[in-house]
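Chemist: Shown below is the structure under consideration.
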Amino acid sequence: MGSPLIQVTDLHRHFRMGRETVRALDGVSLTVRRGEFWGISGPSGSGKSTLLYLLGGLDHPTSGSIRVDGQEITTLDENGLAAFRRRKVGFVFQMFNLIATMTALQNVEFPMLFSRVPLAERRARARALLERVGLAERMNHRPNELSGGQQQRVAIARSLVNSPDILLADEPTGNLDSRSGADIMSLLQELNAEGRTIILVSHDPAVIAATGRHMRLYDGRIEDEE
Ligand SMILES: Nc1ncnc2c1ncn2[C@@H]1O[C@H](COP(=O)(O)OP(=O)(O)O)[C@@H](O)[C@H]1O
Ligand SMILES: [Mg+2]
């Protein structure tokens with residue numbers, strides 16, 4: 001396997017809720033190597049999304065270390081985190097999070113506006129990615145003219161526009177029927193085979209079975225790793 005890409009050490013994320021403290025993550029350590037496809041399972045509330053958001057630089061931990069490609073990201077300020085996200089990670093969410101008024105092509109082009117990619121290159125890259133995910137015929141459709149599975153393909157294409165090393169997927173099949181969910185898992189397997197490191201969280205055993213390495217969270221701790 002590849003070299004360590006993500007090294008998480010004794011990660012904690014606690015939330016203050018009135019008098020109580022919720023330990024969403026309670027001491028997680030983990031090494032993800034380049035090219036791995038991790039499936040993280042665990043019941044609702046076990047800390048899966050919290051872990052993914054921290055790995056993607058969308059949230060700050062209470063304590064602990066996250067090194068990505070040798071860089072400690074927990075001490076970055078907001079600008080540093082924004083740059084980290086733009087260069088290193090792509091996100092895919094359960095609810096697709098597409099912009100309803102934009103076509104598939106415009107949705108995929110959108111993140112490139114912030115990396116100052118020239119228009120012609122933006123368009124060419126977005127088209128190539130939509131072709132890659134099997135949506136060559138649907139580029140000018142808006143989200144409400146696409147099926148759930150097609151919308152998630154657009155979201156996956158969008159997550160890849162800045163060629164991230166790491167793809168983070170939070171319950172990417174959670175809003176799909178089982179057939180579309182299986183199609184999305186095949187697509188993610190292909191992207192992994194092309195060398196992308198993927199970390200996916202899901203409470204669905206069939207989805208987890210389609211990943212390479214498994215880890216289970218329970219009450220913010222790693223319960224099981226294989
Ligand atoms: N922003 C927040 N404020 C307070 N509690 C939170 C927040 N985010 C998550 N939690 C709590 O942390 C725990 C883990 O949440 P989460 O990571 O979303 O779990 P999962 O994705 O496994 O369902 C839950 O108890 C949840 O209620
Ligand atoms: Mg969640």
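The numbers here are math on the coordinates, done by the rules we state, and not lab data. Model, not experiment: these values are computed from the prediction. Reconstructed Cβ throughout: ideal geometry from the backbone, glycine too, with neighbour counts over all protein chains shown.
Chemist: Compute the semi-axes of the equivalent ellipsoid of the chain, taking the square root of 5 times each eigenvalue of the Cα gyration tensor, and list them largest first in whole Å.
Modeler: Working: eigenvalues 166, 79, 57 Å².
Rounded to whole Å, the semi-axes are 29, 20, 17.
Chemist: Helix-only mean residue ellipticity at 222 nm, the chain, DSSP H runs n ≥ 4 weighted -39,500 (n - 2.57), per residue, nearest 500. What is it? Present the calculation step by step, with values, prior to reporting the outcome.
Modeler: Values: 7 runs with 72 residues, N = 226.
It comes out at -9500 deg cm²/dmol, rounded to the nearest 500.
Chemist: Sorted by mean Cβ packing within 10 Å, highest first, what order do the peptides 133-146, 24-37 take? Can you show the working numbers first?
Modeler: Values: 133-146: 15.6, 24-37: 18.4.
Per-residue Cβ counts within 10 Å, averaged per peptide and sorted highest first, yield 24-37, 133-146.
Chemist: Magnitude of the Cβ-charge dipole of the chain, K/R +1 and D/E -1, about the Cα centre, nearest 20 debye? Write out the running numbers ahead of the final one.
Modeler: Numbers: 27 positive and 27 negative charges, 140 e Å.
Computed charge dipole of the chain: roughly 680 debye.
Chemist: Sorted by average packing, counted as other Cβ atoms within 10 angstrom per residue and highest first, what order do 3-13, 153-163 take? Please list the in-between numbers first.
Modeler: Details: 3-13: 17.4, 153-163: 22.4.
So the peptides 3-13, 153-163, ranked by packing, come out 153-163, 3-13.
Chemist: Take every Cα-Cα pair in region 41-139 and report what % of them are more than 16 Å apart. Let's see the in-between values first.
Modeler: Working: 3227 of 4851 pairs.
Value for region 41-139: 67 percent of Cα pairs lie more than 16 Å apart.
Chemist: So what's the gap between the Cα centers of region 98-120 and region 2-80, to the nearest angstrom?
Modeler: Spelled out, the Cα-based centre of one part sits 28 Å from the other.
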